[in-house]
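The values are calculated or read from the model by the stated rules, or taken from the named source; none is laboratory data. Because the structure is predicted, anything quoted here is derived from the model rather than measured. We place every Cβ from the backbone using ideal geometry, glycine too, and count neighbours over all the protein chains shown.
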């Protein structure tokens with residue numbers, strides 16, 4: 001099957017339809033302000049759905065913790081913006097956005113336990129400052145709490161549309177846990193002969209469906225009252241999600257710790273199969289690969305920072321970071337092309353520009 | 001930071017736009033091949049995964065049939081009934097075809113035994129056969145876009161004078177309310193004079209549209225003047241390569 005996409009095509013459309021922004025700061029400001037606005041609306045909704053009752057100390061107070069730390073809010077932002085761009089309102093998309101964010105935070109808590117991560121958004125992870133059992137239980141509670149807004153969707157959207165949204169979420173969670181299983185399996189079996197295609201598959205399942213594809217699909221389906229075919233957002237969401245995840249993984253290696261909010265190089269210590277690690281293992285010398293393999297075969301807590309720093313230096317040396325930066329840019333370019341294809345038929349709006357601004361931000365991202 | 005700001009100012013003085021900046025950043029001439037390769041690989045992965053998901057969902061759908069849920073959803077229920085009915089009709093048509101063939105064989109045998117040479121063509125307007133609608137079915141399944149020709153013969157041994165035949169046809173009715181327009185059927189000839197004792201062959205040319213779905217389709221061919229002259233044409237459409 002041949003691929004119809006090209007950056008040239010994206011840019012030629014871009015030439016014909018100049019973006020709504022005159023300079024970088026314009027779209028960055030729009031992106032930040034709208035992420036903050038929709039994030040605040042969603043957070044309010046999350047608080048509304050968390051019961052104010054016992055047990056507080058080891059459950060409901062902790063449920064507020066991760067959402068209150070203030071993530072980027074991509075998922076609710078994309079969902080609400082897609083809904084409004086297709087003629088809907090914030091009110092119509094809000095319950096779905098709340099569900100997405102609750103489920104996302106549940107994933108994060110469990111993900112931190114699974115990865116044995118130390119920090120999340122500049123604070124110790126829940127299992128670190130509490131314990132693993134409590135953290136897992138809080139994550140379970142958030143998964144359940146994420147279902148109730150979907151039930152309440154029926155009041156606003158009607159039976160047919162709310163059932164459609166429920167099935168979107170069901171698919172989203174299924175893909176995410178399958179993707180997570182794929183990567184956890186690689187780590188458990190210490191798989192070291194992965195390719196870029198393996199990575200693209202894993203990241204599609206683990207990240208893209210729930211970070212971009214389904215938020216866009218759900219928002220557009222709600223906004224259009226079920227008229228739009230959600231499959232038209234698959235490529236856009238996939239390219240956006242992949243660009244986003246690769247860039248996030250690069251930041252884990254090269255950003256300032258305080259700005260990034262997690263431990264720098266933590267992904268190397270955790271043995272996370274990032275594009276950089278996969279590229280390095282494909283291109284380094286046999287004796288270096290052997291050392292990397294043995295580092296990844298010992299328990300996470302016993303892995304030392306010195307070896308992790310050596311692996312990072314190899315990633316620079318073999319061009320793994322550059323390769324990943326380029327791949328992220330290609331993906332963002334593909335996303336821009338898809339955006340103009342899908343959204344050009346809609347009238348101009350702040351929400352449409354907001355989605356465009358996220359892609360432009362990815363293309364021009366500084367590390 | 002200051003250096004970057006100066007660079008930005010210089011660009012603005014030069015009149016460069018954000019689009020130009022994007023071109024600079026993406027550097028399309030150098031990275032085109034790599035981008036194409038990466039995106040192509042990504043799209044393949046996406047399509048494989050979507051296909052795998054659809055297949056898995058279908059398998060679950062076949063395994064799990066929630067009766068209560070189906071009852072609660074009248075639209076789904078009707079779709080299911082339509083689908084099942086169509087399958088039942090297909091089975092019935094198969095059985096009917098077999099019985100018709102058997103009856104044709106028996107009547108031929110009887111005719112031979114009694115020395116009666118009357119033709120037992122598929123659309124003879126005879127009272128004894130008024131309850132039997134002949135079925136014409138292609139031997140091979142067809143694929144969307146394909147053209148085929150089936151033949152039927154008409155004869156009226158009892159007629160004492162020529163009769164005028166003017167054939168008309170209906171749309172093909174297929175699975176899940178799918179239809180193939182009657183214009184896809186060409187009858188050659190569609191109108192003619194049938195003389196006493198004459199047997200006339202009619203070619204039924206069927207040109208399937210490129211977008212028709214797989215399944216069994218049936219259409220009715222009748223004579224505008226004589227309702228006793230009728231036949232059902234049945235075709236089976238399959239996915240290419242099936």
- In this structure, is residue A:25 at pLDDT below 90, part of a helix (DSSP H, G or I) and within 14 Å of another protein chain (Cβ to nearest Cβ)? yes
- In the range B:212-242, what count of residues is obtained for those that are outside any strand (DSSP E or B) and on the phi > 0 side of the Ramachandran plot? 1
- Item | Odd one out for residue A:276 among (1) within 13 Å of another protein chain (Cβ to nearest Cβ); (2) modelled with pLDDT of 95 or more | (1)
- Which residues, counting only those in the range A:272-303, are in a helix (DSSP H, G or I), without any contact (Cβ under 8 Å) to a residue 40 or more places away in the chain and farther than 28 Å from residue A:242 by Cβ? A:286, A:287, A:290, A:291, A:294, A:302
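Within the range A:314-367, can you find the residues that are free of Cβ contacts under 8 Å to residues at least 12 places away in the same chain and within 18 Å of residue A:232 (Cα to Cα)? Spell out how you get there, then give the answer.
Keep residues of the range A:314-367 that are free of Cβ contacts under 8 Å to residues at least 12 places away in the same chain, which gives A:316-317, A:322, A:326, A:345, A:347, A:366.
The answer is A:345, A:347.
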- Every residue from the range A:136-174 that is touching a helix residue (DSSP H, G or I) at 6+ places or on another chain (Cβ under 7 Å), within 22 Å of residue A:107 (Cα to Cα) and without any contact (Cβ under 8 Å) to a residue 40 or more places away in the chain: A:136, A:139, A:166
- Does residue A:286 satisfy the condition of being modelled with pLDDT of 90 or more, away from chain B (no Cβ under 14 Å) and either surrounded by fewer than 17 Cβ atoms within 10 Å (Cβ to Cβ) or under 27 Å from residue B:44 (Cβ atoms) (or both)? yes
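Table: residues versus (1) under 24 Å from residue A:357 (Cα atoms); (2) out of contact with any helix residue (DSSP H, G or I) (no Cβ under 7 Å at 6 or more places or on another chain); (3) surrounded by 23 or more Cβ atoms within 10 Å (Cβ to Cβ).
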{"site": "A:66", "(1), (2), (3)": "no, no, yes"}
{"site": "A:71", "(1), (2), (3)": "yes, yes, no"}
{"site": "A:76", "(1), (2), (3)": "yes, no, yes"}
{"site": "A:80", "(1), (2), (3)": "yes, no, yes"}
{"site": "A:83", "(1), (2), (3)": "yes, no, yes"}
{"site": "A:92", "(1), (2), (3)": "yes, no, no"}
{"site": "A:98", "(1), (2), (3)": "yes, no, yes"}
{"site": "A:102", "(1), (2), (3)": "no, no, yes"}
{"site": "A:106", "(1), (2), (3)": "no, no, no"}
- Message: Just to be sure before I move on: is residue B:197 part of a loop (DSSP other than H, G, I, E, B), under 20 Å from the mean Cα position of the chain (by Cα) and farther than 30 Å from residue B:75 by Cα in the structure I sent?
- Response: no
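Matching residues to (1) over 13 Å from the mean Cα position of the chain (by Cα); (2) at pLDDT 95 or above; (3) surrounded by fewer than 20 Cβ atoms within 10 Å (Cβ to Cβ):
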{"position": "A:216", "(1), (2), (3)": "no, yes, no"}
{"position": "A:221", "(1), (2), (3)": "yes, yes, no"}
{"position": "A:263", "(1), (2), (3)": "yes, no, yes"}
{"position": "A:272", "(1), (2), (3)": "yes, no, yes"}
- Please verify whether the range A:211-219 includes one or more residues that are within 14 Å of chain B (Cβ to nearest Cβ), more than 16 Å from residue B:48 (Cα to Cα) and not in a helix (DSSP H, G or I). no
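Counting just the residues of the range B:178-194 that are in contact (Cβ under 8 Å) with a residue 24 or more places away in the chain and assigned to a loop (DSSP other than H, G, I, E, B), which one comes out surrounded by the fewest Cβ atoms within 10 Å (Cβ to Cβ)?
Applying the filter and picking the extreme gives B:181.
Condition first: part of a loop (DSSP other than H, G, I, E, B), away from chain B (no Cβ under 11 Å) and farther than 19 Å from residue A:28 by Cα. Can you find one or more residues in the range A:323-343 that meet it?
To start, the set of residues in the range A:323-343 that are part of a loop (DSSP other than H, G, I, E, B) comprises none.
Scanning the range A:323-343 turns up no residue that is part of a loop (DSSP other than H, G, I, E, B), away from chain B (no Cβ under 11 Å) and farther than 19 Å from residue A:28 by Cα.
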- Message: Take residue A:355 and tell me if it is under 24 Å from residue A:185 (Cα atoms) and away from chain B (no Cβ under 14 Å).
- Response: no
- Considering only the range A:28-58, how many residues are in a helix (DSSP H, G or I), surrounded by 15 or more Cβ atoms within 10 Å (Cβ to Cβ) and touching a residue at least 12 places away in the same chain (Cβ under 8 Å)? 13
- Item | Subset of the range A:146-186 [surrounded by fewer than 20 Cβ atoms within 10 Å (Cβ to Cβ) and not in a helix (DSSP H, G or I)] | A:147
- Query: So which of B:202, B:232, B:237 is in contact with a strand residue (DSSP E or B) (Cβ under 8 Å, 6 or more places away or on another chain), surrounded by 16 or more Cβ atoms within 10 Å (Cβ to Cβ) and closer than 14 Å to residue B:175 by Cα?
  - Reply: B:237
- Among (1) over 26 Å from residue A:227 (Cβ atoms); (2) at pLDDT below 95, the one test that residue A:134 misses: (2)
